[in-house]
Amino acid sequence: MKSIVDSFLDLVKQRNGNEPEFLQAVEEVAETVIPYIVKHDIYHGKNILLRMVEPERVVTFRVCWVDDTGEIQVNRGYRIQMNSAIGPYKGGLRFHPTVNMSILKFLAFEQVFKNSLTTLPMGGGKGGSDFDPKGKSDNEIMRFCHSFMSELFRHIGPNSDVPAGDIGVGGREIGFLFGMYKKLRNEFTGVLTGKGESWGGSLIRPEATGYGAVYFAEKMLETKNDSFKGKNVVVSGSGNVAQYAAEKVIQLGGKVLTLSDSSGYIYDAEGIDSDKLAFIMQLKNVKRGRISEYLEAYPNAEFVKGKTPWGVKCDIALPCATQNELNENDADTLINNGCICVSEGANMPSTKAAINSFHNAKILFAPGKASNAGGVATSGLEMTQNSLRYKWSREEVDEKLKEIMANIHDSCTEYGKDENGYIDYVKGANIAGFVKVADAMLAQGVV
Ligand code: NDP
């Protein structure tokens, strides 16, 4: 089996040699899915995985805009349309200086499996730009978003490709992007998700990824007759996903000890309660400040510069910042400190070696493509509401989100439980996600 997997990966490496994040994501899937393909005649010999690692279409484009000093800036825009076998391309836009083809292809590839797991009819895509929103004025953000959409609009549509937010793209950016799309197309359609509540957005969409990661962890804990009540929880990031993961942990009776950003982490031994979290939301979403400013309001807390929070003793860890933010040493530290559960809110935050450590220690570990699927699932619910021209209540959307997370947990269990009862959620998520897409691809022929 190893030689089949290795020769497949060699081929993918030859074609994508300078894309380390993409290769990392493909390797993780190949190792679990190829053994399944080999055992199942309907998939064997059809080069399905080879077809799945090749994007159906990649668009790159120039984005020119004028900054507040009058200088012309040039950025690069991308949209990766990875797989449309089960529905229109769907996946976020990331604005961050590290954005490149490798990062977007890894995200688009993971998105295909994630979207399949939600059971909603959505294909996979991802896009973004190397534009850095940090320190930019609202007007600069608007000019950039308008310029970005003045090219992207010809490649997307409510029935072909429906982008959403990701790192650096929140409600403000979606508003500017939607405004330009609407102007250019002269139509009001659900072409983006994460829209504002009064113009087509779904209730609970902003909360959905963070809430979903916690609902998934709750399901994992239930398999051990355990819960969040009284647990110490370490969260990384302080953006959209981290904020709402923290909010749900607090609601379920857990104690949030940390949050972070790219400059370091804050540790509050007394716990970040809902009042403190409201302060952080104001700081991050309105003032657009740095996490270290938390200490100005809560001087008993500590700020640890330039570090991730994995050294803080905890029961549960929720990585919600970015890819490869938790390495093997971090995983070993978490395990040695008694951590029993890791649920990824971010995409691929744990390195491959870190995941191996979690598996070897037999702790509960959920990969992002399963545990953070609540965001895109609720985007799917936003698309449905837009098509119906209808709006569900908060409670209705939250109930559907919970049900979807429970279903994803069941799918992972179905394909990932070993003979000793340990659930390998990575294997479960990869195979469950693969089967639905592969079946659709087989039915549609070689296209
Ligand atoms: P935001 O932009 O709202 O927040 C990102 C957070 O991560 C910020 O605190 C940011 O700090 C931190 N961060 C970003 N890059 C780095 C880095 N290189 N090192 C350390 N910290 C970093 O993004 P989201 O919360 O939306 O996204 C977070 C993660 O969740 C991403 O992996 C994203 O792909 C994933 N995700 C998001 C979904 C969504 O619905 N938004 C859906 C599914 C997954 P700083 O401000 O200093 O940059």
* To do: Would you mind finding the one in E173, E218, E140 that is modelled with pLDDT of 95 or more and either among the aromatic types (F, W, Y) or within 16 Å of the ligand (Cβ to nearest atom) (or both)?
  => E173
* Structure fact -> Those residues of the stretch 390-441 that are among the polar types (S, T, N, Q) and farther than 15 Å from S371 by Cα come to a total of 2
* Asked: In the stretch 239-259, what count of residues is obtained for those that are open to solvent by less than 10 Å² (accessible area, probe 1.4 Å) and within 13 Å of the ligand (Cβ to nearest atom)?
  -> 6
* Structure fact -> Counting only residues in the stretch 20-44 that are at pLDDT 95 or above and not in a helix (DSSP H, G or I), the one most open to solvent (accessible area, probe 1.4 Å) is identified as I42
* Please indicate, with yes or no, whether at least one residue in the stretch 204-214 is at positive phi and either modelled with pLDDT under 95 or among the hydrophobic types (A, V, I, L, M, F, W, C) (or both). => yes
* **Residue in the stretch 304-311 that is touching a strand residue (DSSP E or B) at 6+ places or on another chain (Cβ under 7 Å), at positive phi and at pLDDT 95 or above present** => yes
* Asked: Which of the residues that make up the stretch 55-77 are out of contact with any Ser or Thr (no Cβ under 7 Å at 6 or more places or on another chain) and surrounded by 13 or more Cβ atoms within 10 Å (Cβ to Cβ)?
  -> P55, R57, V58, V59, T60, F61, V66, D67, Q73
* To do: Return yes or no: is M383 under 26 Å from E21 (Cα atoms), touching a residue at least 40 places away in the same chain (Cβ under 8 Å) and of a type in the set (A, V, I, L, M)?
  => no
* Could you tell me whether any residue of the stretch 227-238 is of a type outside the set (K, R), within 16 Å of the ligand (Cβ to nearest atom) and in a strand (DSSP E or B)? => yes
* Restricting the stretch 94-135 to residues that are of a type in the set (G, A, S) and in a loop (DSSP other than H, G, I, E, B), the residue that is nearest to the ligand (Cβ to nearest atom) -> G135
* Asked: For residues in the stretch 398-438 being among the acidic types (D, E) and without any contact (Cβ under 8 Å) to a residue 40 or more places away in the chain, which is most open to solvent (accessible area, probe 1.4 Å)?
  -> E419
* Inside the stretch 110-164, can you point out the residues that are basic (K, R), farther than 19 Å from F188 by Cβ and open to solvent by 20 Å² or more (accessible area, probe 1.4 Å)? -> K134, K136, R143
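The values are calculated or read from the model by the stated rules, or taken from the named source; none is laboratory data. Just so it is clear, the model here is predicted, and its values are computed rather than measured. FYI the Cβ positions are ideal-geometry reconstructions off the backbone, even for glycines, and counts take in every protein chain you see. Heads up: the accessible areas ignore ligands, DNA and RNA and are worked out on the full protein's heavy atoms, side chains in. Shrake-Rupley method; radii C 1.70, N 1.55, O 1.52, S 1.80 Å.
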